Amino acid sequence: MPHPRKILPSLSPTGFFLFSLLFCFVSFSASAVTCISTDNGSLNDPAIFGEHQNSHQDPACGKDFTLNYTVASGTEVLWDDNKTLSGTLVNQGTFNIQAPGVFEGELENEGILNLEASVVFEGLLTNKATLEIKSDISGEVKFQGGLVNQGTFTANHNPDATVHWQGSTRLERGSVELNGVSLKISGDVQESGDQFSVQSSNLELSGRTVWMVPRSSLFPTFPLMAIRFCSGTMQQNSGSATR
């Protein structure tokens with residue numbers, strides 16, 4: 001592409017500066033594409049990204065996973081291919097993860113998010129509605145970029161599944177119910193107003209784990225199968241426990 005000075009050689013320094021800002025803004029806007037589902041189907045199917053608000057969507061939707069995606073309200077979309085999504089994803093409908101994958105960008109759940117395969121969330125996952133780890137999943141679900149729960153988070157009756165909280169986990173409101181699964185924690189957990197329930201589960205603490213709660217009770221009241229300290233310490237704001 002020709003240099004801007006060759007295109008407009010007579011621009012003053014101020015004009016050239018303003019033109020450069022406009023050029024950068026246009027380039028940035030062109031890359032910030034959001035693909036919005038208009039039909040049910042697989043996220044890698046361009047056919048589900050039809051006309052939106054009387055406009056055709058980018059032809060790369062469903063093919064290019066560096067773009068941002070929105071699962072629109074009223075649509076049900078599948079993730080059924082082992083790929084990496086580096087853009088952001090907002091779920092306002094139903095999003096079913098049925099194949100392993102890596103989500104590098106942030107994911108915000110405002111609808112129903114079903115996890116049916118091991119997956120890595122490298123970006124922050126914010127759950128504002130319903131997040132469920134299905135009973136037939138095998139392997140780890142890794143929240144590497146952190147988890148903010150403001151909705152309902154459940155995982156039931158699956159001894160082959162491991163929920164791994166890494167980085168910073170904030171249980172702000174709503175509820176977390178883990179029944180018959182393994183919970184692995186290697187980071188900070190802040191509980192500030194939700195309902196947290198663990199039944200018949202294994203809890204593994206790795207490294208230094210800090211659990212901050214607004215009350216004095218913590219693990220002694222949890223009917224866990226086992227609490228295993230792999231290394232380091234665990235502490236809460238009203239006391240501490242060591243291996």
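Pairing each residue of region 62-80 that is over 9 Å from residue 95 (Cα atoms) with any residue that is of a type in the set (A, V, I, L, M, F, W, C) and buried (at least 18 other Cβ atoms within 10 Å of the Cβ), provided the two are 6+ apart or on different chains, yields C-beta distances under 6 Å for 62/49; 65/85; 67/35; 69/35; 69/89; 70/36; 70/90; 72/36. Being at pLDDT 65 or above, touching a strand residue (DSSP E or B) at 6+ places or on another chain (Cβ under 9 Å), closer than 21 Å to residue 107 by Cβ and not acidic (Asp, Glu) is true of residue 148.
Residue-wise test of (1) modelled with pLDDT of 65 or more; (2) closer than 23 Å to residue 131 by Cβ; (3) surrounded by fewer than 16 Cβ atoms within 10 Å (Cβ to Cβ).
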{"residue": "171", "(1), (2), (3)": "yes, yes, no"}
{"residue": "175", "(1), (2), (3)": "yes, yes, yes"}
{"residue": "178", "(1), (2), (3)": "yes, yes, no"}
{"residue": "182", "(1), (2), (3)": "yes, yes, no"}
{"residue": "216", "(1), (2), (3)": "no, no, yes"}
{"residue": "221", "(1), (2), (3)": "no, no, yes"}
{"residue": "230", "(1), (2), (3)": "no, no, yes"}
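Select from region 83-112 the residues that are closer than 11 Å to residue 125 by Cβ and hydrophobic (A, V, I, L, M, F, W, C) and list them in ascending order. Passing the criteria: 89, 103, 107.
For region 88-110, a residue qualifies if it is part of a loop (DSSP other than H, G, I, E, B), buried (at least 18 other Cβ atoms within 10 Å of the Cβ) and out of contact with any Asp or Glu (no Cβ under 9 Å at 6 or more places or on another chain), and the qualifying residues are 106, 110. On inspection, residue 189 passes the criterion of being at pLDDT 90 or above and of a type in the set (A, V, I, L, M, F, W, C). The set of residues in region 73-87 that are within 22 Å of residue 32 (Cα to Cα) and buried (at least 18 other Cβ atoms within 10 Å of the Cβ) comprises 77, 79, 85, 87.
The values are calculated or read from the model by the stated rules, or taken from the named source; none is laboratory data. Computed from a predicted structure; not experimentally measured. A quick note on method: Cβ atoms are made from the backbone with ideal geometry, for glycine too, and the neighbour counts reach across all protein chains shown.
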